[in-house]
Amino acid sequence: MLENSVWKQYNQEININEVLNDFYKEEVSLSEDELFLHNVLKAKLTKKELRLFSMDSAQLEDAEIKSAFEYSDEDLEKAKRVFE
């Protein structure tokens, strides 16, 4: 279902549910359906934010993320603050 998604492009082994639980720092009651969670993220985030979230969740190097978005160090820090 998510094979062609932005999420799976960067996160082959990581489940969205696991990442969101880590993000909230506690176990939260989320849907087990990865497609549903992906669609919620897709609806709430811009394409750029979803791509950044996916890349950051995959723990890609900052240099690779900056290159993909043509960000400076400062721009990347600002963009990542959205997810704090």
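Bear in mind that the values in this text are calculations on the coordinates, not laboratory data. Fair warning: this is a prediction, and the values are worked out from it, not measured in the lab. Backbone-built Cβ (ideal geometry, glycine too); neighbour counts: all protein chains shown.
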Task: From phi via Karplus (6.51, -1.76, 1.60), per-residue ³J(HN,Hα) for region 60-76 in Hz, x at Gly/Pro - done: 5, 5, 4, 4, 5, 5, 4, 5, 5, 9, 6, 9, 8, 4, 5, 4, 5
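Compare the peptides 49-55, 4-10 by average per-residue count of other Cβ atoms within 10 angstrom and give them in order, highest first.
Taking the mean over residues of other Cβ atoms within 10 Å, the ranking is 49-55, 4-10.
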- [ ] Just need the relative contact order of the chain here, percent rounded to a whole number, with Cα pairs under 8 Å and 6+ apart.
- [x] 31
